[in-house]
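Notes follow once the structure below has been shown.
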Amino acid sequence: MKIIGHHTCKNLGNKDEIEKPFLSEHVETDSSKHKFLGTGYYFWDNNLSMAHSWGAKRLNKKYYIFECLLDIPSGKFLDLVGNRIDMLWFQEMIKLFMDAEIFKDSWSIGRFLEFLKLKSKDVGKSDIFPYEAIRVLDYTIDTKKKSIFAEDSEAYTNLNPVMIVCLTTLDSGMVQEFRLIREK
(Lines give C-alpha, C1' and ligand atoms only; values in the text may rest on other atoms or scores of the structure.)
Protein backbone atom coordinates (compact mmCIF):
# COMPACT_ATOMS: atom_id res chain seq x y z
CA MET A 1 0.00 0.00 0.00
CA LYS A 2 1.25 3.48 -0.83
CA ILE A 3 0.39 6.27 1.61
CA ILE A 4 1.44 9.90 1.83
CA GLY A 5 2.84 10.31 5.33
CA HIS A 6 3.15 13.52 7.32
CA HIS A 7 5.66 13.43 10.18
CA THR A 8 5.73 16.25 12.75
CA CYS A 9 8.77 16.89 14.94
CA LYS A 10 10.11 19.62 17.19
CA ASN A 11 11.87 22.57 15.58
CA LEU A 12 15.30 22.71 17.21
CA GLY A 13 16.81 24.74 14.39
CA ASN A 14 18.32 21.61 12.92
CA LYS A 15 16.16 20.99 9.84
CA ASP A 16 19.16 20.33 7.59
CA GLU A 17 20.34 17.56 9.91
CA ILE A 18 17.04 15.65 9.87
CA GLU A 19 17.27 12.89 7.29
CA LYS A 20 14.70 10.47 8.66
CA PRO A 21 11.69 10.36 11.01
CA PHE A 22 12.38 10.35 14.74
CA LEU A 23 11.71 7.30 16.87
CA SER A 24 8.99 7.66 19.49
CA GLU A 25 9.75 5.19 22.28
CA HIS A 26 7.22 3.39 24.44
CA VAL A 27 8.59 3.26 28.00
CA GLU A 28 6.76 0.63 30.04
CA THR A 29 7.77 2.12 33.40
CA ASP A 30 6.63 5.67 32.51
CA SER A 31 2.92 6.00 31.68
CA SER A 32 3.52 9.45 30.16
CA LYS A 33 5.60 7.65 27.52
CA HIS A 34 3.07 4.98 26.57
CA LYS A 35 2.64 5.42 22.82
CA PHE A 36 -0.58 4.80 20.87
CA LEU A 37 0.92 1.92 18.93
CA GLY A 38 4.07 1.28 20.91
CA THR A 39 7.60 2.21 19.91
CA GLY A 40 7.84 3.39 16.34
CA TYR A 41 7.99 6.11 13.73
CA TYR A 42 4.66 7.95 13.57
CA PHE A 43 2.93 9.55 10.59
CA TRP A 44 -0.44 11.11 9.85
CA ASP A 45 -1.99 9.29 6.91
CA ASN A 46 -2.15 12.07 4.29
CA ASN A 47 -3.43 14.65 6.78
CA LEU A 48 -1.43 17.86 6.74
CA SER A 49 -3.97 19.69 8.90
CA MET A 50 -3.53 17.10 11.70
CA ALA A 51 0.26 17.40 11.40
CA HIS A 52 -0.13 21.15 11.97
CA SER A 53 -2.66 20.71 14.77
CA TRP A 54 -0.45 18.25 16.63
CA GLY A 55 2.62 20.45 16.20
CA ALA A 56 0.79 23.52 17.47
CA LYS A 57 -0.66 21.71 20.49
CA ARG A 58 2.12 19.31 21.51
CA LEU A 59 5.22 21.19 20.35
CA ASN A 60 4.22 24.72 21.37
CA LYS A 61 3.94 25.89 17.76
CA LYS A 62 7.65 25.22 17.06
CA TYR A 63 7.73 22.29 14.68
CA TYR A 64 8.71 20.89 11.32
CA ILE A 65 6.50 18.82 9.06
CA PHE A 66 8.09 16.32 6.76
CA GLU A 67 6.26 14.55 3.97
CA CYS A 68 7.14 11.21 2.45
CA LEU A 69 5.76 8.29 0.54
CA LEU A 70 5.17 5.22 2.68
CA ASP A 71 5.38 2.10 0.53
CA ILE A 72 4.22 -0.69 2.81
CA PRO A 73 4.16 -4.33 1.63
CA SER A 74 0.81 -5.99 2.38
CA GLY A 75 2.33 -8.87 4.37
CA LYS A 76 4.02 -6.39 6.71
CA PHE A 77 1.00 -4.10 7.18
CA LEU A 78 -1.46 -4.48 10.06
CA ASP A 79 -4.31 -2.29 8.81
CA LEU A 80 -6.82 -1.74 11.60
CA VAL A 81 -8.60 0.86 9.46
CA GLY A 82 -9.42 -0.72 6.14
CA ASN A 83 -8.80 -4.44 6.44
CA ARG A 84 -11.49 -6.41 8.26
CA ILE A 85 -9.33 -9.57 8.30
CA ASP A 86 -6.59 -7.66 10.18
CA MET A 87 -9.16 -6.29 12.64
CA LEU A 88 -10.53 -9.75 13.35
CA TRP A 89 -7.01 -11.20 13.71
CA PHE A 90 -6.11 -8.49 16.24
CA GLN A 91 -9.28 -9.18 18.26
CA GLU A 92 -8.44 -12.89 18.23
CA MET A 93 -4.93 -12.17 19.51
CA ILE A 94 -6.37 -10.14 22.38
CA LYS A 95 -8.81 -12.94 23.19
CA LEU A 96 -6.09 -15.59 22.98
CA PHE A 97 -3.86 -13.80 25.48
CA MET A 98 -6.82 -12.84 27.70
CA ASP A 99 -7.89 -16.48 27.88
CA ALA A 100 -4.32 -17.40 28.83
CA GLU A 101 -4.55 -14.71 31.53
CA ILE A 102 -1.56 -12.87 30.06
CA PHE A 103 -3.37 -9.87 28.56
CA LYS A 104 -5.04 -7.59 31.10
CA ASP A 105 -8.16 -5.47 30.49
CA SER A 106 -6.19 -2.45 31.65
CA TRP A 107 -3.59 -2.78 28.89
CA SER A 108 -3.65 -0.21 26.13
CA ILE A 109 -3.29 -1.13 22.48
CA GLY A 110 0.25 0.25 22.55
CA ARG A 111 1.19 -1.93 25.51
CA PHE A 112 -0.33 -5.01 23.88
CA LEU A 113 1.51 -4.32 20.61
CA GLU A 114 4.79 -3.98 22.54
CA PHE A 115 4.03 -7.34 24.18
CA LEU A 116 3.42 -8.95 20.77
CA LYS A 117 6.62 -7.47 19.33
CA LEU A 118 8.60 -8.80 22.29
CA LYS A 119 6.91 -12.21 22.09
CA SER A 120 7.73 -12.48 18.37
CA LYS A 121 11.45 -12.30 19.25
CA ASP A 122 11.19 -15.59 21.17
CA VAL A 123 12.66 -18.59 19.38
CA GLY A 124 10.09 -20.09 17.01
CA LYS A 125 7.54 -17.33 17.59
CA SER A 126 8.47 -14.82 14.87
CA ASP A 127 5.13 -15.38 13.14
CA ILE A 128 3.19 -14.02 16.15
CA PHE A 129 3.77 -10.45 15.01
CA PRO A 130 5.29 -10.22 11.51
CA TYR A 131 4.22 -6.61 10.99
CA GLU A 132 6.41 -3.57 10.42
CA ALA A 133 3.58 -1.05 9.97
CA ILE A 134 0.29 -0.48 11.79
CA ARG A 135 -2.55 1.89 10.88
CA VAL A 136 -5.42 2.93 13.17
CA LEU A 137 -8.19 5.52 13.42
CA ASP A 138 -8.12 8.05 16.23
CA TYR A 139 -11.70 8.78 17.26
CA THR A 140 -10.77 11.20 20.06
CA ILE A 141 -10.17 14.02 17.63
CA ASP A 142 -13.52 15.55 16.72
CA THR A 143 -13.32 16.75 13.13
CA LYS A 144 -16.94 17.93 13.25
CA LYS A 145 -17.45 16.58 9.77
CA LYS A 146 -20.41 14.26 9.83
CA SER A 147 -21.81 13.34 6.45
CA ILE A 148 -25.26 11.83 6.77
CA PHE A 149 -26.28 9.01 4.47
CA ALA A 150 -29.95 9.95 4.14
CA GLU A 151 -32.04 12.89 5.31
CA ASP A 152 -34.33 10.72 7.43
CA SER A 153 -31.50 8.85 9.17
CA GLU A 154 -29.05 9.58 11.96
CA ALA A 155 -26.48 7.29 10.32
CA TYR A 156 -23.39 9.10 9.09
CA THR A 157 -19.80 8.67 8.02
CA ASN A 158 -16.70 10.75 8.60
CA LEU A 159 -15.10 11.88 5.35
CA ASN A 160 -12.09 13.32 7.21
CA PRO A 161 -10.97 10.55 9.57
CA VAL A 162 -7.76 10.87 11.55
CA MET A 163 -5.57 7.91 10.62
CA ILE A 164 -2.21 7.24 12.24
CA VAL A 165 0.50 5.03 10.76
CA CYS A 166 3.32 3.66 12.91
CA LEU A 167 6.36 1.94 11.42
CA THR A 168 8.19 -0.41 13.77
CA THR A 169 11.38 -0.17 11.70
CA LEU A 170 12.99 1.99 9.06
CA ASP A 171 15.14 -0.86 7.75
CA SER A 172 12.75 -2.01 5.04
CA GLY A 173 12.87 1.04 2.79
CA MET A 174 9.20 1.83 3.39
CA VAL A 175 9.95 5.56 3.83
CA GLN A 176 10.70 7.19 0.50
CA GLU A 177 11.26 10.83 -0.50
CA PHE A 178 11.39 12.13 3.11
CA ARG A 179 11.46 15.93 2.75
CA LEU A 180 10.71 19.06 4.75
CA ILE A 181 7.50 20.80 3.67
CA ARG A 182 6.67 23.15 6.60
CA GLU A 183 8.66 25.01 9.22
CA LYS A 184 7.01 26.81 12.16
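The values are calculated or read from the model by the stated rules, or taken from the named source; none is laboratory data. Just so you know, these numbers come straight off a predicted model, no measurement behind them. Using ideal geometry, Cβ is built from the backbone for each residue, glycine included, and neighbour counts are taken over all protein chains shown.
Worth pointing out:
- For Phe178: the one exception among (1) out of contact with any helix residue (DSSP H, G or I) (no Cβ under 8 Å at 6 or more places or on another chain); (2) more than 19 Å from Trp54 (Cβ to Cβ); (3) surrounded by 10 or more Cβ atoms within 10 Å (Cβ to Cβ): (2)
- Restricting the stretch 130-179 to residues that are of a type in the set (Gly, Ala, Ser) and not in a loop (DSSP other than H, G, I, E, B), the residue that is farthest from the chain's Cα centre (by Cα): Ser147
- Test: residue in the stretch 175-182 that is closer than 25 Å to Phe22 by Cβ, of a type in the set (Asp, Glu) and modelled with pLDDT of 85 or more: yes
- Only one of Phe77, Phe43, Phe22 that is in contact with a strand residue (DSSP E or B) (Cβ under 6 Å, 6 or more places away or on another chain), aromatic (Phe, Trp, Tyr), surrounded by fewer than 14 Cβ atoms within 10 Å (Cβ to Cβ) and modelled with pLDDT of 90 or more: Phe22
- Look at the stretch 84-113: where a residue is closer than 18 Å to Ala133 by Cα and a partner is among the charged types (D, E, K, R) and surrounded by 12 or more Cβ atoms within 10 Å (Cβ to Cβ), sitting 6+ places away or on another chain with Cβ atoms under 6 Å, you get Asp86/Asp79; Gly110/Lys35.
- In the stretch 100-119 there is no residue matching the filter, namely being in contact with a strand residue (DSSP E or B) (Cβ under 6 Å, 6 or more places away or on another chain) and either of a type in the set (Lys, Arg) or assigned to a loop (DSSP other than H, G, I, E, B) (or both).
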